[in-house]
Amino acid sequence: MRSTPESEWNDQQVALLVALDEYEAALCRRCGHLLEETTRPEHDYNNPLATAVYLPAPGTPVQCHCCAALERSEQQTNAQNPQHPGAILHAVQLVPRR
């Protein structure tokens, strides 16, 4: 007697994963907004006929101190692997100041 292993994913879970993949593919990798919206010519800052434009939000820019620590780590270690600096994984943690 042979048994058939049960699928790890059911149809609904697979459909949700496919939908998430499609949604994420439609987002700008930098700002996270929908490319369908952010790439419209009528939103181009350099288009004199634009109906709306993206501007910095009030109170910005702000510095993310976690991102700044990651940046410092990247700058310090890039020289160690100049051919593939992006291959080095960086992590930071919030620790009490001594």
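The values are calculated or read from the model by the stated rules, or taken from the named source; none is laboratory data. This is a predicted model, so every value here is computed, not measured. Every residue, glycine among them, receives a Cβ derived from its backbone with ideal geometry; neighbour counts consider all protein chains shown.
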Report whether or not residue 85 is exposed (fewer than 10 other Cβ atoms within 10 Å of the Cβ) and either touching a residue at least 40 places away in the same chain (Cβ under 8 Å) or not hydroxyl-bearing (Ser, Thr, Tyr) (or both). no
Out of (1) at pLDDT 90 or above; (2) over 23 Å from residue 90 (Cβ atoms); (3) of a type in the set (Lys, Arg), the odd one out for residue 2 is which? (1)
Going by what's in this entry, would residue 50 be described as surrounded by 10 or more Cβ atoms within 10 Å (Cβ to Cβ), in a loop (DSSP other than H, G, I, E, B) and either at negative phi or among the aliphatic types (A, V, I, L, M) (or both)? yes
The correct count of residues that are in contact with a Leu (Cβ under 7 Å, 6 or more places away or on another chain) and more than 17 Å from residue 54 (Cα to Cα) in segment 2-37 is 1
